[in-house]
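Trainee: Structure in structure tokens, see below.
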Amino acid sequence: MNSDTLHTMDDMNENIEAETTGIDKTITLTVPDDKEGERLDVYLTSIMEGSRSYVQQLIKSGAVTVNQKTGKSNLKLTVGSTIMVVVPKPQAVEVKPEDIPLDILFEDHDIIIINKPRGMVVHPAVGNYTGTLVNALLFHCRDLSGINGEIRPGIVHRLDKDTSGVMMAAKNDLAHIGLAEQVKAHSATRTYYALVHGNIVEERGTIKAPIGRHPKDRMKMAVVFENSKEAVTHFTVVERFGKHTLVQCVLETGRTHQIRVHFAHIGHPVVNDPFYGYRKMDFPIEGQALHSFSLALKHPISGQDLYFEAPLSEDFLACLEYAKTHNV
């Protein structure tokens, strides 16, 4: 799955909705309007964890049906079709340390704060066990907290693959518990920058709308009023570019895809968002124009007030320049 704001692992686990059958789980999807004519393998790769080759292997094995018929990778989808994917239960794997460079903003015996690059997956998942932040942390750090198990050591929260910026991890269980409590209590202050479509009229505002699973596409989130959780995003307009607006967002809650869902809900989807935005755009960025800019928290052991910033990434700055010069 793709994803965007800062989420606790408990929040992510609660949002997994799949029918478990023996050792497998079954995911049921309904093809949305904007996926008419898209290849089956391309569609599934865009919404599932794992690479396109992994998805193609699932299809080849007969684990994917479309309208109760065995699917093929090159099948062109029709709106309203029902896709069922039987995903084998992940087998125990050894997550190995990898010498992947990290942009470290702060580090001591208890915590590490990094500036995650766009395109990096936070933790290993089915079909994607290498090249993640966890692999890099295991190489860099002698110890990580074990609360989230072997696949997610040290991971208190996560950012989506295509969201860049500030992220924290814990080196021991005591630090992990302290950080997780701050995330849960909303005392860790998080700000994001997002470039969104349209000219937002207000200078600032608050989007308060509950978020839950999309009623038709279970791999997406949506503003819904049943089986949902309260979600609150505060925003301030930073700069206007004709038909696009740069906003700074402060999260009061941290639901899955919160910023992306909330701004799509008010008619201002994040630029280049493959899930909730427009399909064809010329902005010079891979993935949504969303950046985790700052994080304020208390050190989980010493209690010291800490504040970290991650400069806007080069591709995000290129998007702003594109918006200025093209005014599209």
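The values are calculated or read from the model by the stated rules, or taken from the named source; none is laboratory data. It should be emphasised that the depicted structure is a prediction, and the values quoted were computed from it without experimental measurement. When we count neighbours, we look across all protein chains shown, and the Cβ atoms used for this are built from the backbone with ideal geometry, even at glycine. The area values use the complete protein model at the heavy-atom level, side chains included, leaving out ligands, DNA and RNA. Shrake-Rupley method; radii C 1.70, N 1.55, O 1.52, S 1.80 Å.
Trainee: Quick one: go through segment 161-201 and flag any residue whose amide nitrogen is under 18 Å from the point 7 Å out along the Cα-to-Cβ line of R240.
Mentor: Taking a point 7 Å out along Cα→Cβ of R240, the residues of segment 161-201 whose backbone N falls under 18 Å are 194-201.
Trainee: Using a Cα-Cα cut-off of under 22 Å, which lysines could be cross-linked to K60, ignoring same-chain neighbours fewer than 8 residues away?
Mentor: K25, K35, K69, K72, K76, K89
Trainee: For segment 25-87, would you read off the P(r) tail past 13 Å as a percentage of all alpha carbon pairs?
Mentor: The proportion of pairs with Cα distances above 13 Å equals 56 percent.
Trainee: To the nearest 10 square angstrom, what accessible area does I285 show with a 1.4 Å probe?
Mentor: My reading of the accessible area for I285 is about 10 Å².
Trainee: Eigenvalues of the Cα gyration tensor times 5, then square-rooted: what semi-axes does that give for segment 104-325, in whole angstrom, largest first? Show your work: numbers first, answer last.
Mentor: On the way: eigenvalues 167, 72, 66 Å².
Listed largest to smallest, the semi-axes of segment 104-325 are 29, 19, 18 Å.
Trainee: Provide the per residue accessible area, probe 1.4 Å, for the chain, rounded to a whole number of square angstrom.
Mentor: For the chain, the per-residue accessible area is 47 Å².
Trainee: Among the GluC sites (Glu not before Pro) in segment 116-207, which ones are in a DSSP loop with at most 11 other Cβ atoms within 10 Å of the Cβ? Mind listing them?
Mentor: E202, E203
Trainee: With a cap of 11 neighbouring Cβ atoms within 10 Å, and only residues DSSP puts in a loop, list the trypsin sites (Lys or Arg not before Pro) found in segment 245-308.
Mentor: Of the trypsin sites (Lys or Arg not before Pro), the ones in loops of segment 245-308 whose Cβ has at most 11 other Cβ atoms within 10 Å are R279, K280.
Trainee: Leaving ligands, DNA and RNA out of it, report the carbon-plus-sulfur percent of the accessible area of the chain at a 1.4 Å probe.
Mentor: 50
Trainee: Could you compute the longest span of the chain free of chymotrypsin sites (Phe, Trp or Tyr not before Pro) located in DSSP loops and having at most 14 other Cβ atoms within 10 Å, not counting the site residues? Present the calculation step by step, with values, prior to reporting the outcome.
Mentor: Details: sites that count: F225, Y278.
That would be 1-224.
Trainee: With a ≥ b ≥ c taken as the square roots of the eigenvalues of the C-alpha gyration tensor of segment 221-328, please select rounded if a/c is under 1.5 and otherwise prolate if a/b is larger than b/c or oblate if it is not?
Mentor: oblate
Trainee: When a/c reaches 1.5 or more, the comparison of a/b and b/c decides; with that in mind, is segment 281-327 rounded, prolate or oblate per its Cα gyration tensor?
Mentor: The shape class here is prolate.
Trainee: Roughly what would the spin-label model give for L174 and H299, points 7 Å off Cα along C-beta, in nm?
Mentor: Output for this residue pair reads 1.3 nm.
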